[in-house]
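Scroll down for the structure; my scribbles are underneath it.
The values are calculated or read from the model by the stated rules, or taken from the named source; none is laboratory data. Since this is a predicted model, take the numbers as computed values, not measurements. No Cβ is skipped: glycine too gets one built from the backbone with ideal geometry, and neighbour counts run over all protein chains shown.
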Amino acid sequence: MRETFTKGMARNIYYGGAVFFFLVLIGLTVDTVKSLPKTDNSENLTEQVAAGKRLWEINNCIGCHTLLGEGAYFAPELGNVYTRFGESTEAIKAFIKYRPVDGIPGRRSMPQFNLTDEQLEALAQFLKYVDGVKTARDWPPNIQG
Amino acid sequence: MKYESQGIAKMYFIAAIALFVGQILFGTIMGLQYVMGDFLFPELPFNVVRMVHTNLLIIWLLFGFMGSAYFLVPEESERELFSPMLAKVMFWIFLFAGVMTILGYLLVPYARLAEITMNDLLPTMGREFLEQPTITKIGIVIVVLAFLFNIGMTILTGRKTVINVVLLTGMVGLAVFFLFSFYNPDNIVLDKYFWWFVVHLWVEGVWELIMASLLAYVLIKVTGVDREVVEKWLYIIIAMALISGLLGTGHHFFWIGTPDYWQWIGSVFSALEPIPFFMMTLFAFNVVNKRRRDHPNKAAVLWALGTAVMAFLGAGVWGFLHTLAPVNFYTHGTQITAAHGHMAFYGAYVMVVLTMISYSMPLMRGQKAANVTAQLLEMWSFWLMTISMVFITLFLTGAGIVQVYLQRYSDDPLPFMVVQEKIALFYWMREVAGVVFLIGLMLYIYSFFAKGKEVEFVEE
């Protein structure tokens, strides 16, 4: 680099740029958090949904599935599974409940998690709640997720 | 090696390489499960294998970063490490915590692990990459704080250079942003939003500071180029990394229920994210061309140039490929993401750690550079691993393009699993490339034990 551009100038760009853009990020974060109630479906965030989220977590569902596009890419997107299953929590529960313990020969299959009916309901309600989050452009692009 | 305490890095590097082997073994298992869905089912379901694969990566890179810092900091600071004993104790604690966590994933169902580790008290488990039990996360915080104290005291009471201060800043950032892993609100949008404060602000933020400073250090050592020149480059690279990367976080906020303005902010700033990586490439080739000496450790020079190029391709080019919101609308959460993830992690963070190991390991073993045969084998392993990673990325990209078309873009979108079967050929080829990577890794390890003619060099 040319001598007219000194190390001091580079250092100032680093400190100035980092501090400035970090402050902008914080500002936008505050704005985002404030405006979330318009889109985040928090009016339907019941205790049952919260329990469902915990079940989602402790069974490591994200280890195979994506949820709103984030997670593993081994199994279908579940952010819109409630819509895909005909807006039926019963269908979601039945799917999870009747997974064969030893899987399906030659194919990917979901483990049998042995959830109770109460847990199944909570998990299904959680997935229904996530489906209710208003994503931009109504992502995913279509019902297949 | 100028200071005895630099030698502590060796145990960190050995652990890092051992865990790296585990990561790749589990990677090849996953790759097979993609095409043989019932492989090892139900004993080792995909989610467990993936968790082991990604968590081993994180743990061994942290070992690599800490080892690199323990080697670099005393020399840059011109004094012995503040407390070699603390570094040794923390090594064993971290290794124990890491191995126990991985065994926990493998030996008991994840829900049972959550129960045993009392996840209910402070639920943090079950989020991608942050699957570690809360107790492990606390362990990571303790180890990293002790590490920061150790290198911080060394730097503050020694010589402060741009390199060691930037490295320290990166490590402090790593620790600070990891604290967001303890925040797990019930609100899924909030959860996802702040989850990225760990994941994005690590790999597209403060880790770039760590990477750039390690690269700068090795380049000074192997080229003898004036420190002033290197430091100017370093500042401008990390300036661009943060200027683009901080608001670049927005490219994760397109479709998770966050405001629409993120589509513009995320697209514009993340489109700038390749710039710091491109500058690293320019920087590396520039200083190697202007070198004042021919360092006998040719392998280290190759790794240094390689990491700059591959980080630019993986993080820069493959990141840009799907970072603009209108494109990402279709590609979000597909094999395109997987393709990018693989080459970016390998090019930027795996390779920079291997660069440090390549440079420092011979010095810690009392040589200036590894013998001729060992270096030759190491360079072969460089090419095997790097080229197979290029192919893994290309095959996943191919799979991703077809997946996006069939599942997201065509007039008659097909279900996920139907599409997965149609792209199985790409997965088979990815698996073959993965096995070649594993062979490259075996060769890499063998190179440390290969005997041969000592390198000749002119004493400076």
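Observations on the structure shown:
- In the range B:57-78, the residues that are on the phi < 0 side of the Ramachandran plot form Cβ pairs under 8 Å with partners that are charged (D, E, K, R), at six or more places apart or across chains, as follows: B:Gly67/B:Lys10; B:Pro74/B:Lys2; B:Pro74/B:Glu80; B:Glu75/B:Lys2; B:Glu76/B:Arg159; B:Ser77/B:Arg159; B:Ser77/B:Lys160.
- Test: residue in the range B:126-145 that is touching a Ser or Thr at 6+ places or on another chain (Cβ under 9 Å), over 30 Å from A:Arg54 (Cα atoms), buried (at least 17 other Cβ atoms within 10 Å of the Cβ) and polar (S, T, N, Q): no
Conditions tested, residue by residue: (1) buried (at least 21 other Cβ atoms within 10 Å of the Cβ); (2) within 15 Å of the chain's Cα centre (by Cα).
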position	(1), (2)
B:Ala308	yes, yes
B:Ala311	yes, yes
B:Pro326	no, no
B:Gly333	yes, no
B:Gly347	yes, yes
B:Asn371	no, no
B:Gly398	no, no
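- Residue match in the range B:164-177 (condition: touching an Asp or Glu at 6+ places or on another chain (Cβ under 6 Å) and either at pLDDT 95 or above or not assigned by TED's automatic domain parsing to the domain that holds B:Gly64 (or both)): yes
- The number of residues in the range B:163-194 that are touching a Ser or Thr at 6+ places or on another chain (Cβ under 8 Å), assigned to a helix (DSSP H, G or I) and surrounded by 21 or more Cβ atoms within 10 Å (Cβ to Cβ) comes to 8.
- A:Gly63 vs. criteria at positive phi and not charged (D, E, K, R): no
- Of everything in the range B:22-43 that is in contact with a Phe, Trp or Tyr (Cβ under 9 Å, 6 or more places away or on another chain) and touching a residue at least 60 places away in the same chain (Cβ under 8 Å), the residue that is nearest to the other protein chains (Cβ to nearest Cβ) is B:Tyr34.
- Here B:Ser267 meets each of (1) of a type in the set (Ser, Thr, Tyr); (2) more than 9 Å from chain A (Cβ to nearest Cβ); (3) crowded, with 24+ Cβ neighbours inside 10 Å with one exception, condition (3).
- Check on B:Met361, within 30 Å of B:Ile8 (Cα to Cα), buried (at least 17 other Cβ atoms within 10 Å of the Cβ) and away from chain A (no Cβ under 14 Å): yes
- Matching residues in the range B:134-166 - criterion: being within 13 Å of B:Leu72 (Cα to Cα), within 14 Å of another protein chain (Cβ to nearest Cβ) and not polar (S, T, N, Q): B:Lys160, B:Val162, B:Ile163, B:Val165, B:Val166
- B:Phe426 part of a loop (DSSP other than H, G, I, E, B), on the phi < 0 side of the Ramachandran plot and either assigned by TED's automatic domain parsing to the domain that holds B:Arg365 or surrounded by 17 or more Cβ atoms within 10 Å (Cβ to Cβ) (or both): no
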